[in-house]
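Each reported figure results from applying straightforward, stated rules to the coordinates on display, with no laboratory input. This is a predicted model, so every value here is computed, not measured. Cβ placement follows ideal geometry from the backbone for every residue including glycine, while neighbour counts extend to all protein chains displayed.
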């Protein structure tokens with residue numbers, strides 16, 4: 001399957017990381033010397049993604065600044081005799097970045113960004129949907145998204161999952177399978193004794209055009225509360241669609257809370 005487009009929702013306020021996320025966008029929290037979202041982007045580039053659709057909070061500019069050239073900084077590095085640093089600040093080549101504003105004062109939730117990007121997707125096209133505040137780290141430099149795409153049936157759908165300690169499932173959305181081992185439903189934050197498995201959803205998906213349309217339709221319905229991306233996935237499966245579950249090869253890391261962020265930095269820095 002050839003997939004060249006990725007939707008990356010990054011408009012969230014990062015309330016679990018306040019007060020620092022008042023000044024630093026959640027997706028820009030540093031892991032090592034790079035923002036967390038860049039691990040998602042670089043992994044996707046290795047998988048052949050060329051068009052990135054970031055769904056952003058309209059007041060945020062840090063992400064766009066990061067993926068744009070800074071000519072004054074480039075000149076400074078040249079003038080000060082540090083040209084070797086230029087490779088760290090140049091935007092990726094042969095890819096395009098698009099920024100779509102999301103009004104976070106009205107509808108919210110992980111399904112909304114997909115609906116906002118539907119106009120940029122051609123009929124019949126499949127895309128990657130990748131949340132921008134966590135990632136899978138492969139120490140060998142291989143691409144987790146490339147593996148997910150390889151294991152997705154032609155014109156099919158899939159989600160990435162990773163194992164956690166059975167006693168830690170209360171923090172996550174836990175995947176329940178059908179009798180064929182495909183996705184059946186998500187059980188949110190179950191007690192360990194009630195969890196259907198210890199495989200959790202890490203919010204990395206391949207959506208075919210049918211599921212993209214279903215998600216867009218769901219995002220246009222008026223409901224009370226959060227528009228979860230798992231709702232249209234559940235409806236897609238209930239009406240006969242299939243979603244493969246692919247277990248991640250690498251290590252799941254995120255910046256969602258201070259302890260996870262510190263741990264991710266220790267892993268990346270090799271400590």
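Overview of values
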{"read-out": "Label-zone membership for region 117-159, site residue 235, 7 angstrom Cα→C-beta point, backbone N under 12 Å", "value": "none"}
{"read-out": "Sequence of 254, 140, 38, 133 once ranked by neighbouring C-beta atoms within 10 Å, starting from the fewest", "value": "140, 254, 38, 133"}
{"read-out": "Using a Förster distance of 30 Å, the FRET efficiency for residue 86-residue 251 (Cβ separation, nearest 0.05)", "value": "0.50"}
{"read-out": "Length-normalised contact order for the chain - Cα pairs under 8 Å, 6+ apart - percent", "value": "25 percent"}
{"read-out": "Efficiency of FRET from Cβ geometry, residue 269 and residue 16, R₀ 30 Å, rounded to 0.05", "value": "0.85"}
{"read-out": "Where labels lie 7 Å past Cα in the beta-carbon direction, separation of residue 42 and residue 58 in nm", "value": "3.4 nm"}
{"read-out": "Mean-position separation - Cα centroids, region 97-134 and region 197-226, in angstrom", "value": "10 Å"}
{"read-out": "Whole-number percent relative contact order across region 75-199, with pairs defined as alpha carbons under 8 Å at least 6 apart", "value": "14 percent"}
{"read-out": "Label point distance in nm, residue 23-residue 76, each placed 7 Å from Cα along Cα→Cβ", "value": "1.7 nm"}
{"read-out": "Helix-derived mean residue ellipticity, 222 nm - over the chain, DSSP H n ≥ 4, -39500 (n - 2.57), to 500", "value": "-7500 deg cm²/dmol"}
{"read-out": "Choice from 154, 222, 64 with maximal GNM fluctuation in the chain (Cα, 10 Å cutoff)", "value": "222"}
{"read-out": "Length added when fully stretched, residue 210-residue 139, from 0.36 nm per residue minus Cα-Cα", "value": "22.1 nm"}
{"read-out": "Between helix 258-268 and the chain: long-axis angle, C-alpha atoms, 0 to 90°, nearest 10", "value": "70 degrees"}
{"read-out": "Stretchable slack from residue 185 to residue 168, in nm (0.36 nm times residue separation minus alpha-carbon distance)", "value": "4.2 nm"}
{"read-out": "Cα long-axis angle, helix 36-46 against the chain (0 to 90 degrees, to the nearest 10)", "value": "80 degrees"}
{"read-out": "Degrees separating the helix 209-219 axis from the principal Cα axis of the chain, which is the longest one", "value": "90 degrees"}
{"read-out": "Ranking of 186, 159, 90 by count of other Cβ atoms within 10 Å, fewest first", "value": "90, 186, 159"}
